[in-house]
Amino acid sequence: MVASAAVIEFTLTHRFACSTERFWALFWDPEWTRTLILEGLGFATCDIEPTIEGGGKKKRSMRVTPKLDIPAAVAKILGPRLGYTENGRYDIASGEWSYDLVLSVLSERIRMGGKLTVEADGPDRCVRHSKLRCEVSMFGVGGLIEKAAEKNMRDGWEKASAWMIKWLAANPAT
């Protein structure tokens, strides 16, 4: 029997006390990003490839091993050390970051990714809109994995946002 894929999509919005220029400068800083991922999110590993720029786009890939909160049944399917590679593209003209996550296991059955935009929200303030998606094609357990993925995505983005808010407050622009 062929599994039909259901897609979960949702959008998260976060406000930050920094300009859009500062937001993107931090985003592209590999040391800042590594600190956010390792210290802010508590991930086990984070390896960031150099950014490649050309043709009106920037591309970046990074491999991470996240800290997950998943049900035992999902952990049994995915294994003890799930990791993923984020392959992202930034369109300089539109200001949109889009990315796909390639899981270290079951990557042909679990597809995740999203799009991110940032807009000004007054002087030295911005709003980040993150549209996230998860698609699982696994008969019988797809819904369980999708729910666990959505919970971890929401929790991770909220935790990252809280860390960023605290970091920005402690490190004001000069």
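No value in this document is a laboratory result; all are computed from the given coordinates. The structure presented is a predicted model; accordingly, all values stated were derived computationally and were not measured. Don't worry about glycine lacking a Cβ; one is built from the backbone with ideal geometry, like all the others, and counts go over all protein chains shown.
Taking each residue as 0.36 nm, the span from Glu21 to Asn87 lengthens on full extension beyond its C-alpha to C-alpha distance by 21.6 nm.
When peptides 143-150, 85-92 are ranked by their average number of other Cβ atoms within 10 Å per residue, the highest-first order is 143-150, 85-92. Of the three principal axes defined by the Cα atoms of the chain, the extents in descending order read 58, 34, 28 Å. Could you list the residues of the stretch 127-165 with an amide nitrogen less than 19 Å from a label point located 7 Å from the Cα of Asp100 in the Cα-to-C-beta direction? In the stretch 127-165, the label zone of Asp100 (backbone N under 19 Å from the point 7 Å along Cα→Cβ) covers 131-138.
Each peptide in 98-104, 54-60, 116-122, 132-138 was scored by the mean count of other Cβ atoms within 10 Å over its residues; highest first, the order is 132-138, 98-104, 116-122, 54-60. Once the Cα atoms are used to define both axes, helix 142-170 deviates from the longest principal axis of the chain by about 20 degrees. When shorter helices are ignored and each DSSP H run of at least 4 residues is given -39500 (n - 2.57), the per-residue value for the chain at 222 nm works out to -9000 deg cm²/dmol. For a paramagnetic label modelled at 7 Å from the Cα of Asp29 toward its Cβ, which residues of the stretch 107-125 fall within the zone defined by backbone nitrogen distances under 18 Å? Residues passing the 18 Å test: 124-125. Report the net charge of residues surrounding Cys134, where surrounding means a beta-carbon distance below 9 angstrom and charges are Lys +1, Arg +1, Asp -1, Glu -1. With Lys, Arg at +1 and Asp, Glu at -1, the neighbours total -2. A cut-off under 13 angstrom between Cβ atoms defines the neighbours of Ile165, and their net charge, with Lys, Arg +1 and Asp, Glu -1, is +4.
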